[in-house]
Amino acid sequence: MSFERLFGIIFLIIGALSLIGYITYLTGTNLPISFWKLKPMQDRWGKIPGTILHFLSYVIVPIVFGILLLLGYQP
């Protein structure tokens, strides 16, 4: 297994766990996964923009980056 594939899988797992954490956060179920940077981002940028920035940086970016690595993207 190549270095890129390994990191692609790791980033996909991180993004998927964060997505699951957001789903449980929105449904009110408490899992041991916590977003310790969400509150400071909401305090700095506001509730909605802070949540959007947190979601983008901890869910969307890792998933997209993981997919790109798995597909063999080379910058």
Could you grab the pairs with beta carbons closer than 6 Å, sequence gap of 6+ or different chains, first residue in segment 49-75 and touching a residue at least 12 places away in the same chain (Cβ under 8 Å) and among the hydroxyl-bearing types (S, T, Y), second one buried (at least 17 other Cβ atoms within 10 Å of the Cβ) and part of a helix (DSSP H, G or I)?
Y58/S18
Counting only residues that are crowded, with 17+ Cβ neighbours inside 10 Å, more than 8 Å from the chain's Cα centre (by Cα) and not aliphatic (A, V, I, L, M), segment 55-75 contains a total of 2
Pick from segment 42-54, criterion of a type in the set (A, V, I, L, M, F, W, C) and surrounded by 11 or more Cβ atoms within 10 Å (Cβ to Cβ), ranking: nearest to Y73 (Cα to Cα):
L53
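Look at segment 6-41 and say how many of its residues are in a helix (DSSP H, G or I), of a type outside the set (A, V, I, L, M) and surrounded by 14 or more Cβ atoms within 10 Å (Cβ to Cβ). Step through it out loud before you land on a result.
In the first step, residues of segment 6-41 are kept if they are in a helix (DSSP H, G or I); the result is 6-27, 38-41.
Then drop every residue that is not of a type outside the set (A, V, I, L, M), which leaves 7-8, 11, 15, 18, 21-22, 24-25, 27, 39-40.
Next, from what is left, pick out any that are surrounded by 14 or more Cβ atoms within 10 Å (Cβ to Cβ): 7-8, 11, 15, 18, 21-22, 25.
Total meeting the criteria: 8.
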Selection count, segment 20-75, where residues are in contact with a Gly (Cβ under 8 Å, 6 or more places away or on another chain), among the aliphatic types (A, V, I, L, M) and over 27 Å from E4 (Cα atoms)
3
Search result, residues across segment 23-52 that are modelled with pLDDT of 85 or more and either hydroxyl-bearing (S, T, Y) or in contact with a Cys (Cβ under 8 Å, 6 or more places away or on another chain) (or both):
T24, T27, T51
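The values are calculated or read from the model by the stated rules, or taken from the named source; none is laboratory data. Note that the structure is predicted; figures quoted are calculated from it, not measured. With ideal geometry, Cβ positions are generated from the backbone for all residues, glycine too; neighbour counts draw on all protein chains shown.
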